[in-house]
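To keep things clear, I will list the structure first and then write my remarks on it.
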Amino acid sequence: MGRYFRRKLLIYLLTFFAAVSINWMIPRLMPGDPIRALIGRAALRAEAADKVAEYFSRIYGLDQPAWRQYVNFWTSLFKGDLGISIYLSPKPVTQVIRDSIPFDLGLLIPAILCSWIVGNKFGAFAARRKRLDGIVLPIWYVFTATPYMWLAILLAYVFGVLLGIFPIAGAYSFAISPSLSISFILNYLKHWFLPFLSLFIVQLGGWAIGMRNMIIYELEADYSRYMESLGAPRKLIRRYAFRNAMLPQITGLALQLGVIVAGAVGTQVVFSYPGIGYLLLQAVMYKDYFLIQGCFLFIVIGVLIANFVIDVIYVIVDPRVRHGMGGETA
Amino acid sequence: MAVSVKNLKIYYQTLRGQVQAVDNVSFDIKDHEILGMAGESGCGKSTFSNSLVLLKPPMKFMGGRVELDGESLPLADFRKMNEFRYKKISLIPQYAMNALNPTRKIGRMIAELLASRGVSFSKISRELDRRLKLVNLNRSVMKMYPFELSGGMRQRAVMVIATLLDPSLLLADEITSALDVSTQKAVAKMLVQFRDMDLVKSLVFVTHDISILYQIADRVLIMYAGKAVEIAPTKKITKEPLHPYTRLLISSLPDVGVKYSERRLAGIKGRPPGLLNPFPGCRFKERCPVRFEKCDKEPPLAEVSENHQVACWREVGNNG
């Protein structure tokens, strides 16, 4: 057991190092200069602009050679310092991200878990029920083939613009400030619903199709057939099939997390929802290196932690993994 | 008479028509008897055993009746058959090594299965221990997952599970095919022991390996292309087989002490006919060395001497 987790942990550390390094590099490969972009907005005289740019470059450490910047990045990262945001200057990146985390997780976690649970239950239910299956399967295919952003726009248009039931931007009305009052929570939920729905629907399709196919596969398996031959009731056979079909779905969840987070960026942009995805877009537009790094770092850590949790869950639910750990070689 | 099968017809429904996998097969199995059912691939022997426990599409019941202890089996009614499954008719399947849920401990699976059939696990627990001992399994396997057992152990576990409720009829479908020869004999002996101890009343042992039937079967039924072609006590059928197919089948077995590097092992020329719209008459006629005009009509399975039935015009014709 210990060996299994040590190995996993090592793999995660390597992944973390590689992912964060790439994330450091990507913004620096973008054309343009963040300081110039910032100063450009201030419309200074050319002479003064040069001076200011030089000053800011020094402050942000962007005048140093790339390798130096890279080393600086890791040293300050270990101190928990992600630098100062350029576009929201002088707010530190950690604070900017901390402010948007509740909105981000509050949207993503319910969307991922609800769609996964509902998709699995519904998919398992529809499998081998001919008429229901014939109706819902095409619908699921449409769901899963829908781009997140497109569905978000469609929902915003229909429910926000045409019907006017739901607001289409922000996490709460500009008129009120965040507090734990009922009116704020209601306001928050109203803003939360459409982004949640768009994420939920697209993911639901994929999970339900996956589960339906797995259940059919499991019901065809020899052990199901033998249970049937011994007159076991359908309920028991389906229960076994469901449990075994869940295992690949758990793996699927781990694999899909990155894709879902990426999808959430589009959704948050459409609804101007102040999560990490929306922040990331702003950061990219202003070439805010430090904020981009911070957002990526958050996403990388999130995906890795979620994967690790799934690894642990897998050990608990699949006896073959649990027992195979002693003599694992491959 | 424990089991009587009369004119049983089981076809497979395909897009191109019906495949007549078991066609008009009739025979009896006595109490306390081990009936060996042999034939080459596709002769309908597995279809027969599957049709008694799990008759579902594309398999189709086309007629005939099967009586078990005087009761007629509702073969065509999947739900009604559930009362008979496991309690009266049980199966050791061809895929015995994969027949257990991989993510349940064997003991727990048995308990859940029994509970679903209205049998209390605690009541049967002691008997279960005794039977595990019979097949040389330790009680600890109940606390294990199937993947922790070897293939042979899994198969023996399935043998215990299949016979736990003392079925009247046990179908053993090709259970020795995947085993090496020494294990084959051990497994076959265990089955005989099950019968001797009255754990099962009658046993149908389906196999393509006639040599194993020598060792355990009381009578042998030879199937060819969906038809029963010969039934006789094991000794009789091996010493004096009457049907040309049986003769060729038995003569194609290797003899002890003969070096087959010098003499090629004889086989039967040709292939069995396709069972989708088969030709009329005897289904063996195209490969038969002693064919004559009468073979274009279908030969009945007729008793030629005591306890010896053959479906061949040569034999039936001799008697009238």
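The values are calculated or read from the model by the stated rules, or taken from the named source; none is laboratory data. Quick caveat: nothing in here was measured; it's all calculated off a predicted structure. Note: ideal-geometry Cβ built from the backbone for every residue, glycine included; neighbour counts use all protein chains shown. With ligands, DNA and RNA removed, areas are computed over all heavy atoms of the protein, side chains included. Shrake-Rupley method; radii C 1.70, N 1.55, O 1.52, S 1.80 Å.
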Inside the range B:140-154, can you point out the residues that are within 21 Å of B:K189 (Cα to Cα) and either away from chain A (no Cβ under 14 Å) or touching a residue at least 60 places away in the same chain (Cβ under 8 Å) (or both)?
B:S150, B:G152, B:M153
Listed by first then second residue, the pairs whose first member lies in the range A:75-103 and is modelled with pLDDT of 85 or more, whose partner is aliphatic (A, V, I, L, M), with beta carbons under 6 Å and at least 6 positions apart or on separate chains, are A:P92/A:I84; A:V93/A:L82; A:V93/A:L291; A:T94/A:L82; A:V96/A:L88; A:S100/A:I276; A:S100/A:L279; A:F103/A:A171
For the range A:162-203, which residues satisfy the criterion of being without any contact (Cβ under 8 Å) to a residue 12 or more places away in the chain and not aliphatic (A, V, I, L, M)?
A:G164, A:F174, A:S177, A:P178, A:S179, A:S181, A:S183
Residue set B:G39, B:G64; condition more than 10 Å from every other protein chain (Cβ to nearest Cβ), over 30 Å from A:L247 (Cβ atoms), touching a residue at least 60 places away in the same chain (Cβ under 8 Å) and open to solvent by less than 40 Å² (accessible area, probe 1.4 Å); output residue B:G39
Taking the options B:K45, B:K88, B:K56, name whichever one is at pLDDT below 90, among the basic types (K, R) and more than 28 Å from B:G267 (Cβ to Cβ).
B:K56
Within the range A:240-262, how many residues turn out to be free of Cβ contacts under 8 Å to residues at least 24 places away in the same chain and of a type in the set (F, W, Y)?
1
How about the range B:130-184: which of its residues are in contact with a Pro (Cβ under 7 Å, 6 or more places away or on another chain) and assigned to a helix (DSSP H, G or I)?
B:P146, B:F147, B:R154
Can you name every residue in the range B:189-214 that is within 26 Å of B:P272 (Cβ to Cβ) and surrounded by fewer than 23 Cβ atoms within 10 Å (Cβ to Cβ)?
B:H208, B:D209, B:I210, B:S211, B:I212, B:Y214
Counting only residues in the range B:221-236 that are in contact (Cβ under 8 Å) with a residue 60 or more places away in the chain and farther than 19 Å from B:G42 by Cβ, the one most open to solvent (accessible area, probe 1.4 Å) is identified as B:K236
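Where in the range A:272-330 are there helices (runs of 4 or more DSSP H), lying fully within it, with 1 or more residues that are modelled with pLDDT of 85 or more?
Details: elements: A:276-285, A:289-317, A:319-324.
In the range A:272-330, the matching helices (runs of 4 or more DSSP H) lie at A:276-285, A:289-317.
Do any helices (runs of 4 or more DSSP H) lying entirely in the range A:88-200 carry at least 3 residues that are open to solvent by 20 Å² or more (accessible area, probe 1.4 Å) and closer than 30 Å to A:R243 by Cα, and which ones are they?
Numbers: elements: A:93-126, A:130-145, A:148-155.
Passing ranges, in order: A:93-126, A:130-145.
Which one is surrounded by the fewest Cβ atoms within 10 Å (Cβ to Cβ) among residues in the range A:58-74 that are modelled with pLDDT under 85 and in contact with a Gly (Cβ under 9 Å, 6 or more places away or on another chain)?
First, the residues of the range A:58-74 that are modelled with pLDDT under 85: A:58-66.
Cutting the leftovers down to in contact with a Gly (Cβ under 9 Å, 6 or more places away or on another chain) gives us A:60-61.
Working: A:Y60: 19, A:G61: 15.
Step by step, filter the range A:58-74, then rank; the result is A:G61.
Using the structure shown, decide if A:Y226 is surrounded by 19 or more Cβ atoms within 10 Å (Cβ to Cβ) and either out of contact with any Leu (no Cβ under 9 Å at 6 or more places or on another chain) or at pLDDT below 90 (or both).
Details: surrounded by 19 or more Cβ atoms within 10 Å (Cβ to Cβ): yes; either out of contact with any Leu (no Cβ under 9 Å at 6 or more places or on another chain) or at pLDDT below 90 (or both): no.
So A:Y226 fails the test.
Here's the yes/no breakdown for (1) more than 7 Å from chain A (Cβ to nearest Cβ); (2) farther than 23 Å from A:D222 by Cα; (3) of a type outside the set (A, V, I, L, M); (4) surrounded by fewer than 19 Cβ atoms within 10 Å (Cβ to Cβ):
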residue: B:K88; (1), (2), (3), (4): yes, no, yes, no
residue: B:A99; (1), (2), (3), (4): no, no, no, no
residue: B:R108; (1), (2), (3), (4): yes, no, yes, yes
residue: B:L114; (1), (2), (3), (4): yes, no, no, no
residue: B:F121; (1), (2), (3), (4): yes, yes, yes, yes
residue: B:I124; (1), (2), (3), (4): yes, yes, no, yes
residue: B:R131; (1), (2), (3), (4): yes, yes, yes, no
residue: B:L134; (1), (2), (3), (4): yes, yes, no, yes
Counting only residues that are open to solvent by less than 60 Å² (accessible area, probe 1.4 Å), free of Cβ contacts under 8 Å to residues at least 60 places away in the same chain and facing chain A (nearest Cβ under 10 Å), which one in the range B:67-86 is nearest to the chain's Cα centre (by Cα)?
B:R85
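For the condition open to solvent by 40 Å² or more (accessible area, probe 1.4 Å) and more than 14 Å from chain B (Cβ to nearest Cβ), what is the one hit in A:Q293, A:Q282, A:Q268, A:Q256? Outline the logic, then answer.
Working: A:Q293 fails: open to solvent by 40 Å² or more (accessible area, probe 1.4 Å); A:Q282 fails: open to solvent by 40 Å² or more (accessible area, probe 1.4 Å); A:Q268 fails: open to solvent by 40 Å² or more (accessible area, probe 1.4 Å).
Just a single option satisfies the conditions, and that option is A:Q256.
Conditions tested, residue by residue: (1) among the small types (G, A, S); (2) farther than 16 Å from A:F103 by Cα; (3) within 14 Å of chain B (Cβ to nearest Cβ).
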{"residue": "A:Y188", "(1), (2), (3)": "no, no, no"}
{"residue": "A:W192", "(1), (2), (3)": "no, no, no"}
{"residue": "A:P195", "(1), (2), (3)": "no, no, no"}
{"residue": "A:G206", "(1), (2), (3)": "yes, yes, no"}
{"residue": "A:I209", "(1), (2), (3)": "no, yes, no"}
{"residue": "A:A221", "(1), (2), (3)": "yes, yes, yes"}
{"residue": "A:S229", "(1), (2), (3)": "yes, yes, yes"}
